Amino acid sequence: MADYKVVTSELRKEAKLWQEKADKAEPIVQAVAATYLTAPAFFVGDLMTLAAGVVNAELEAGQYEDFRAFIENVLRGAVTEFNQIDVALRRIADEYDRTESVNEIDLAKFYSV
């Protein structure tokens, strides 16, 4: 008899939590993907500093876009990973359930004469 028992229902509960996290993160990914700002959003200046203001605005818009793209990429990765954790935990639970009867060996069969 095995000295331990895997509670597969707990594995499945944990898997469900990860799936819920993925489901909650997906709308955030979509919101970040749809968020963009162009150079005029960063322009601060007047007619005397027009050229410098345009250059700075373009620079800051580029930095903003780089950061936005980075965050979007991180969030997409999180959704992917959360889904993979869900699948892995469910597969582990299924495999434990499948092999449970195979793993329970009556050692008395080997030692009885």
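A few comments on the model shown:
- Theoretical gain in end-to-end length, LYS5 to ILE71 [0.36 nm per residue, Cα-Cα removed]: 19.6 nm
- Based on Cα contacts under 8 Å between residues 6+ apart, the stretch 8-111 shows a relative contact order of 45 percent.
- Shown here is the pair-distance distribution of the stretch 8-111: with all Cα-Cα distances grouped in 10 Å bins from zero up to the longest one, the shares run 14, 23, 18, 15, 12, 8, 5, 3, 1, 0 percent.
- The stretch 6-64 - convex hull of alpha carbons, volume per residue in Å³: 80
- Note on THR80/LEU50: beta-carbon distance plugged into 1/(1 + (r/R0)^6) with R0 of 30 Å gives a FRET efficiency of 0.10.
- Residue-span extension gain [ALA33 to ALA88] - 0.36 nm each, minus C-alpha spacing: 17.0 nm
Values in this text are rule-based calculations from the coordinates and carry no lab data. Just so you know, these numbers come straight off a predicted model, no measurement behind them. In this analysis, Cβ positions are derived from the backbone assuming ideal geometry, glycine residues included, and neighbour counts consider all displayed protein chains.
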